[in-house]
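Peer 1: Please see the structure below; I have some questions.
The values are calculated or read from the model by the stated rules, or taken from the named source; none is laboratory data. Keep in mind it's a predicted model, so treat the numbers as computed, not measured. Here the Cβ is made from the backbone with ideal geometry for all residues, glycine too, and neighbour counts use every protein chain on show. Quick note on the areas: whole protein, heavy atoms, side chains included, nothing else; ligands and nucleic acids left out. Shrake-Rupley method; radii C 1.70, N 1.55, O 1.52, S 1.80 Å.
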Amino acid sequence: MKDFHFDAIAAFENYEIEKMRDGHVVVTTKVVESSLNYYGNAHGGYLFTLCDQVSGLVVVSQGVDGVTLQSSINYLKAGRLGDVLTIHGECVHSGRTTQVVDVDITNQDGANVCKATFTMFVTGVRDESAQVRI
């Protein structure tokens, strides 16, 4: 069998948090070489990781901490090398123990790359001394 290895996928080589408050988060990033799969498109795991991280930031923007309890994603259009992606996350349900977050990724032309929904388990009130690490 031919030697085979997995290349590392980098999700956060370049990004900008454009907005983060009150259950709304917008992050932009550019698809780079290390974000690509073997077919030359943005790797599905890369896109999922962007959605997952933004979902966490949506929770944090509401003053609580949380972890992903459940998620689903639909890949709609391939991301390409050099594409500028906008990841928009919005809390659509904020309960005592869970939050539901919708995440959309669009490219620079406004085309939908993927759509995801995350159910986040609220672990507690966020300590003000905690720093967001993305």
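Peer 1: In the range 15-125, what percent of the accessible surface is made up of carbon and sulfur (1.4 Å probe, ligands and nucleic acids excluded)? If you can, show how the numbers build up before the last one.
Peer 2: Working: 2630 of 5430 Å².
Taking all protein chains in place, the range 15-125 shows 48 percent carbon and sulfur surface.
Peer 1: Whose amide H sits under 5 Å from the amide H of residue 43, counting only residues 5 or more places off or on another chain, with H placed in the peptide plane?
Peer 2: 36, 37
Peer 1: Can you give the direction-averaged projected area of the convex hull of the alpha-carbon atoms in the chain, in nm²? Each step should come with its number before you reach the end.
Peer 2: Values: hull surface 36.6 nm².
In nm², the orientation-averaged hull projection of the chain is 9.1.
Peer 1: Roughly what % antiparallel, to the nearest 5, for the DSSP beta bridges in the chain?
Peer 2: Roughly 100 percent of the beta bridges in the chain run antiparallel, per DSSP.
Peer 1: How far, in nm, would the chain grow between residue 70 and residue 32 when pulled straight, counting 0.36 nm per residue and subtracting the alpha carbon separation? Don't skip to the answer; put the middle values down first.
Peer 2: On the way: separation 38, 0.36 × 38 = 13.68 nm, distance 2.80 nm.
Full extension from residue 70 to residue 32 adds 10.9 nm.
Peer 1: Using Cα pairs under 8 angstrom and six or more residues apart, how large is the relative contact order of the chain, in percent? Spell out each step's value before the answer.
Peer 2: Numbers: 299 pairs, mean separation 34.1, N = 134.
Contact order relative to length: 25 percent.
Peer 1: Give me the 1.4 Å probe accessible area per residue for the chain, excluding ligands and nucleic acids, in Å².
Peer 2: Working: 7840 Å² over 134 residues.
On a per-residue basis, the chain sits at 59 Å².
Peer 1: Placing +1 at every Lys and Arg Cβ and -1 at every Asp and Glu Cβ, with all other atoms neutral, what dipole size does the range 15-125 have around its Cα centre, in debye to the nearest 20?
Peer 2: On the way: 7 positive and 11 negative charges, 26 e Å.
In total the dipole reaches around 120 debye.
Peer 1: Within the chain, what is the number of lysine pairs with alpha carbons under 25 Å apart, leaving out pairs fewer than eight places apart on the same chain?
Peer 2: Details: 19/30; 19/77; 19/115; 30/77; 30/115; 77/115.
Lysine pairs meeting both conditions in the chain amount to 6.
Peer 1: Quick one: order 67, 26 from most to least accessible surface, probe 1.4 Å. Mind showing how you got there, number by number?
Peer 2: Numbers: 67 75, 26 30 Å².
Result of the area sort, largest leading: 67, 26.
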